[in-house]
Amino acid sequence: KSKVQDVLTNESLPLFDRVISGTYHPGSVFKLVTATAALEEAAISKEFRYDDPGVITIGDKFAYNNWYFTQHGKTEGNIDLTKALSRSTDTFFYKVGEMLGVDKLSSWADKFGFGKITGVDLPGEVIGIVPSPQWKWKVKNEAWFLGNTYHMAIGQGDLTTTPLQVNTMTS
């Protein structure tokens, strides 16, 4: 087997351009989109405060935890947007995402360049996924639930982006 063959058949895909063709959950950097959308759509004001319970439950089956509660059994207390961003408080953004709604969250993800080509002059760029209730029904044949909005608001769930899209959003 030649060295070229080794590279072409390598399972770690050394020639795969992850920056433009790899899709990943953006995670907490997406909270910038959620925060901006909530402020711009007046779902919250700059004075908005939230008393972090550590975990939000929906019925008796679904629990959505904040990392600080999961790791240390503690809550953030009564916090504003600045502290929620600096501490990456999931429960704050779950609630803000709920107040904003999935349609506005999806619309702002689009405004920040998610779910579309950036236009970089390289072949192989992919768009990722900005989920919506319509997308979920069409692709998964499942209804959208509040928990899906919670996950999207913190950059998880079905939301996927390329590293280039995240870079573009932050710039």
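No value in this document is a laboratory result; all are computed from the given coordinates. All of these numbers come straight from a predicted model, not from anything done at the bench. Quick reminder, even Gly has a Cβ in these numbers, built from the backbone with ideal geometry, and neighbours come from all protein chains shown.
Report the label-to-label distance for Trp137 and Thr36 in nanometres (one decimal), using points 7 Å from each Cα along the Cα→Cβ vector.
Result for the modelled spin labels: 2.9 nm.
With unit charges on the beta carbons (Lys and Arg positive, Asp and Glu negative) and the dipole taken about the Cα centre of the chain, which residue among Thr70, Ser86, Met99 sits farthest to the positive side?
Highest projection toward the positive end goes to Thr70.
For Cα pairs less than 8 Å apart in space and 6+ apart in sequence, what is the mean separation divided by the residue count of the chain, i.e. the relative contact order in percent?
So the answer I get is 32 percent.
State log₁₀ I(q)/I(0) for the chain at q = 0.12, 0.20 Å⁻¹ as given by the Debye formula over alpha-carbon point scatterers of equal weight, solvent excluded.
Each listed q maps to, in turn, -0.61, -1.29.
Please sort 58-67, 141-150, 96-105 by packing, taking for each peptide the average over its residues of neighbouring beta carbons within 10 angstrom, highest first.
96-105, 141-150, 58-67
At 0.36 nm per residue, and after removing the present C-alpha to C-alpha distance, how many nm does the segment from Ser86 to Thr118 gain when stretched out fully?
That pair, Ser86 and Thr118, stretches by 8.7 nm at full extension.
Give me the number: length gained by fully extending Ile127 to Met99, i.e. 0.36 nm times residue separation minus the C-alpha to C-alpha distance, one decimal in nm.
7.4 nm
Defining a contact as two alpha carbons under 8 Å apart and six or more residues distant in sequence, what relative contact order in percent does the stretch 108-171 show?
With pairs under 8 Å counted, the relative contact order is 39 percent.
Extending each Cα 7 Å along its Cβ direction at Asp6 and Val19, get the distance between those two points in nm, one decimal.
2.6
Would you list which lysines come within 19 Å of Lys83, measuring only between C-alpha atoms, while excluding same-chain residues fewer than 8 positions from it?
Of all the lysines, those that pass the test against Lys83 - Cα under 19 Å, at least 8 places apart if same chain - are Lys31, Lys46, Lys74, Lys95.
Would you mind getting me the FRET efficiency between Phe145 and Asp51? Use the beta-carbon distance for r and R0 = 22 Å, nearest 0.05.
0.35
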